[in-house]
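Asker: The structure's right below; bear with me while I get my questions together.
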Amino acid sequence: MKKENKIEFANEPTNLKLEYDDISPFTGNKCVLIESDPRTGMESRICMESGMTTTDRFTIGSRALEGYENHIPQLYKDTKFVDQLLNQIWYLATMRTQAACLYAMGTTKDDYKWKLAEVKALDEEEQKKYPIEGQKDKYHSHIVDVENAKEFDKNNFKDAIDEFYSIIGKGVK
């Protein structure tokens, strides 16, 4: 029987205390979390050092994989990793919550950074700058503040995700 992962918020320099499940094909370290969705049976993996992620939907040659690649930036396609052991493809992670968004941004696989953008609540005046398409006199109440996103070096996913979880713990500004 598979043990459950533990994620805990703490007031320490590293905001996460994790029990890792597997060895990373990128770093050779035991730094991969494996999560299973009991409702769907789907399994996903994330390397907490490299920021690469995969799921059993990303089986080599699958229809789901083709659909995914039609909707991701070129950077994500250029950095993908074919894992022959798992028969799956790994991609750069994108993580979104109601409080923040963590994603990779750049022009080439050698020249990208991790970006962490917080979700920002808008006052009534600011909301008028963000109309909801197709809905007269309706406006967005929050935006992902990409203009003020914090940047992390491509090799510093660990700090980026630590801060991501720290933001989640605080909630929306």
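The values are calculated or read from the model by the stated rules, or taken from the named source; none is laboratory data. Bear in mind the structure is a predicted one, so any value in this text is a computation, not a measurement. Cβ: placed from backbone, ideal geometry, glycine included. Neighbour counts: every protein chain shown.
Asker: Can you find a residue that is more than 27 Å from residue 159 (Cα to Cα) and under 17 Å from the mean Cα position of the chain (by Cα) anywhere in segment 49-61?
Answerer: So far as segment 49-61 goes, yes, one or more of its residues are more than 27 Å from residue 159 (Cα to Cα) and under 17 Å from the mean Cα position of the chain (by Cα).
Asker: Okay, next question. From the list 107, 79, 97, exactly one residue is touching a strand residue (DSSP E or B) at 6+ places or on another chain (Cβ under 9 Å), among the hydroxyl-bearing types (Ser, Thr, Tyr) and modelled with pLDDT under 95. Which is it?
Answerer: 97
Asker: Contact list please: Cβ distance under 6 Å, first residue in segment 63-76 and within 13 Å of residue 94 (Cα to Cα), second residue among the aromatic types (Phe, Trp, Tyr), pairs at least six apart or on different chains.
Answerer: 75/112; 76/91
Asker: Could you grab me the full set of residues in segment 15-26 that are surrounded by 13 or more Cβ atoms within 10 Å (Cβ to Cβ) and either at pLDDT below 90 or assigned to a loop (DSSP other than H, G, I, E, B) (or both)?
Answerer: Correct list: 15, 16, 18, 20, 21, 24, 25, 26.
Quick grid of which residues meet (1) touching a Leu at 6+ places or on another chain (Cβ under 8 Å); (2) touching a residue at least 40 places away in the same chain (Cβ under 8 Å); (3) surrounded by 14 or more Cβ atoms within 10 Å (Cβ to Cβ); (4) aromatic (Phe, Trp, Tyr):
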position: 124; (1), (2), (3), (4): no, no, no, no
position: 135; (1), (2), (3), (4): no, no, no, no
position: 143; (1), (2), (3), (4): yes, no, yes, no
position: 157; (1), (2), (3), (4): no, yes, yes, yes
position: 161; (1), (2), (3), (4): yes, yes, yes, no
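Asker: Can we say residue 151 is modelled with pLDDT of 95 or more and exposed (fewer than 14 other Cβ atoms within 10 Å of the Cβ)?
Answerer: yes
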